[in-house]
Amino acid sequence: MECRPGCGACCIVISISSPIPGMPGGKPAGVPCIQLTPDLKCKLFGKPERPKVCSSLHASPDMCGATDEDAYQILSYMEDATRPIAAAEEESAADQSN
Ligand code: SF4
Ligand code: SF4
């Protein structure tokens, strides 16, 4: 499938560990990439400095669903499911101390 213009879910929801120009430590989950334009396009599209992980991520029904809302939900689920255990434990400990 083709990427839906104006979605941008994968540039916001998921964490990216490789450096991104302007975000040398990568991007945390839930934070819009600094290279995302206000109309949700990648400023680095087609440029060599675009992270490899971004170039290799292709739109698919499994990831993107049928609507932008689907994509946000599916990617949030995937992000939670693949989060390193240490990070999940840290968050759980923080929740319990509140
Ligand atoms: S989640 Fe899918 S449709 Fe949305 S921006 Fe990413 S690749 Fe495109
Ligand atoms: S570099 Fe481009 S494709 Fe990658 S997360 Fe940022 S805006 Fe999205």
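See the values below:
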| read-out | value |
| --- | --- |
| Any helices (runs of 4 or more DSSP H) falling wholly within the chain and containing at least 1 residues that are crowded, with 16+ Cβ neighbours inside 10 Å | 52-55, 61-64, 68-82 |
| Single condition Gly65 does not satisfy, out of (1) touching a residue at least 12 places away in the same chain (Cβ under 8 Å); (2) in contact with a helix residue (DSSP H, G or I) (Cβ under 9 Å, 6 or more places away or on another chain) | (1) |
| Candidate set from the range 41-57 (those that are out of contact with any Cys (no Cβ under 8 Å at 6 or more places or on another chain) and touching a residue at least 24 places away in the same chain (Cβ under 8 Å)); member that is farthest from Met1 (Cα to Cα) | Glu49 |
| Breaking point among (1) more than 10 Å from ligand 1 (Cβ to nearest atom); (2) under 13 Å from Ser15 (Cα atoms), for Glu90 | (2) |
| Hey, Gly8 modelled with pLDDT of 95 or more and within 13 Å of the chain's Cα centre (by Cα) or not | yes |
| Pairs where the first residue, in the range 1-30, is more than 16 Å from ligand 1 (Cβ to nearest atom) and the second is assigned to a helix (DSSP H, G or I), C-beta under 9 Å, 6+ apart | Ser17/Val53; Ser18/Lys52; Ser18/Val53; Ser18/Cys54 |
| Tally, over the range 17-39, of residues that are under 16 Å from Ala71 (Cβ atoms) and in contact with a helix residue (DSSP H, G or I) (Cβ under 7 Å, 6 or more places away or on another chain) | 4 |
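The values are calculated or read from the model by the stated rules, or taken from the named source; none is laboratory data. Only a predicted model underlies this, so the values are computations on that prediction, with no experimental measurement involved. Neighbour counts run over all protein chains shown; Cβ positions are idealised from the backbone, glycine included.
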